[in-house]
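Shown next, in structure tokens, is the structure this report addresses.
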Amino acid sequence: MNIVLMSSGHNRLKKSRTSLDLARFSTLLKKDHHLTHYIIGKTPEPTGRIDRIIASCTFSWDAPHIIAAVNSLRRKNPNVDVQVGGVAVHGEIARLLASELAIIPQQGINDELDRIIPDLDFITEDAEYIFTARGCPVGCPPCDVARLEGRQVRVIENWRDQISGRKSVLHLMDNNVLASPWEHQVDVATELTRLADGKATATGSRKLRKVVLDGGFDWRRINEENMALYKDINWAIIHVAFDNVRYEQGFKNNIGHLLKYHEKSSRGVYEKIVAYVLYGFPGDTIEDTLYRTMMLRDMGLSPYLMRYMPPAVLKYKDYFAPTWRRNEAIDLARFANDRRTYWKCERDFGRYMGRKADGRSASRFAEVAADDFAAFEMAFRRLDYDKGFEANLRILREDVERRRQNISVWETTAKAKLEQLTLFAG
């Protein structure tokens, strides 16, 4: 049987991850069937006879691409069997897939599928991904995890068997590892610490070097005891989340238990700790998000801004909260997520905005117009976060004046060279 394992490549991620669900299906099917991995938009469309399509819909905006790709393959294979599932398949997205493809999609998390060991040969990147438990008891309003996985934490019995150690990086995907039973946390920390010690796994030779905590530590549950438990793991990145300014004091109090086991770099940054910053959700404002972003920098933490997307958005990042302007949402994320601007080049978002606006002219030799500078100043006043506004504005004015002087020098030099060339040509 010829089977196509389909996922979407239209999520605009710089480094697209292989679908973990499809890697598990590959384990089940590759022995007796011919498999083709089709990444929509990134690999050629399969040709020849196709008996079954198994598609994974990871994001809601994958759905239109999956529908179009399935219908395209159906025109050449009218009797093909189609199965669609994935994290995003629920509610309106499930109804859309059912209506457009005339199928009954698989909704929610499949506990049986979670117990299947992923096919590492199917995963193209030098990484492996593992869930040791599912569920989250918190139920934050903008988050779907509690609805999809349930509020009760369920340990996956054979999670140890799913760690091969054949890849360099292990991504621990549990959405709330600190909500797991304490005995399970001890087992996970012990196993991951053992792997970091360079010892061989039970399944063979070991290549594993680093661990990435994708789901993050829930700051509400961070304490001295559990941070001491995880301190010896060879972490590549540890994620936390700071999603509401109302939690500022609690976040600062608890995160200290994590920071005490990690050292700052020479530039005063905790290089291994990254804070997710959800923004653009209902009720959020640019002032609140900017405050959270700058507060994290004061603590030596790098933010990773993630824009809120409602559950049924069909176009990638096509939603902007009513309290936000489109350019504000994009510019603030570019400022905070680019380490060159966040740590190295700029002191704050206001100065970054001034530089960005100052450099927007199509011609590098065009003089900055007075009305443009007035617009920079207005945006700068509205978006500035700290009390150092006057000092920062002075820096901005000096930058603009220096650019004007450089433009004058460039124009004079270019004119002189042009005259020399004209004389030489004559």
Determine the gain in length on full extension of the stretch residue 158-residue 249; use 0.36 nm per residue of separation and subtract their C-alpha separation, reporting nm with one decimal. 28.9 nm
Whole-Hz couplings from phi, Karplus 6.51/-1.76/1.60, listed for the range 134-151; x for Gly and Pro: 10, x, 8, x, 6, x, 4, x, x, 9, 9, 4, 4, 6, 7, 9, x, 7
For the pairs 210/272; 207/264; 42/317, flag any whose C-alpha to C-alpha distance is greater than 18 Å. 207/264; 42/317
Per-residue ³J(HN,Hα) for the range 173-184, Karplus 6.51 cos²θ - 1.76 cosθ + 1.60, θ = phi - 60°, Hz, x for Gly and Pro: 9, 3, 6, 7, 5, 6, 8, 5, x, 4, 4, 5
Estimated inter-spin distance, residue 1 and residue 30, nm [label 7 Å along Cα→Cβ]: 1.8
Using amide H atoms built 1.01 Å from N in the peptide plane, name the residues 5+ places from residue 241, or on other chains, whose amide H lies under 5 Å from its own. 219, 276
Give a residue-ordered list of calculated ³J(HN,Hα) values for the range 207-223 (Karplus: 6.51 cos²θ - 1.76 cosθ + 1.60, θ = phi - 60°; whole Hz; x for Gly, Pro). 10, 4, 10, 10, 10, 10, 8, 5, x, x, 8, 6, 4, 5, 9, 6, 8
Calculate what fraction, in whole %, of the accessible area of the range 72-181 sits on carbon and sulfur atoms when a 1.4 Å probe is rolled over the protein chains. 49
Picking from 179, 169, 257, whose Cα lies most toward the positive end of the charge dipole for the range 137-260 (charges on Cβ: Lys, Arg +1; Asp, Glu -1)? 169
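The values are calculated or read from the model by the stated rules, or taken from the named source; none is laboratory data. Treat the numbers as computed from the prediction; the structure is a model and nothing was measured. Every residue, glycine as well, gets a Cβ built from its backbone with ideal geometry; the counts of neighbours run over all protein chains shown. Accessible surface is based on the protein model in full, side chains and every heavy atom, while ligands, DNA and RNA are left aside. Shrake-Rupley method; radii C 1.70, N 1.55, O 1.52, S 1.80 Å.
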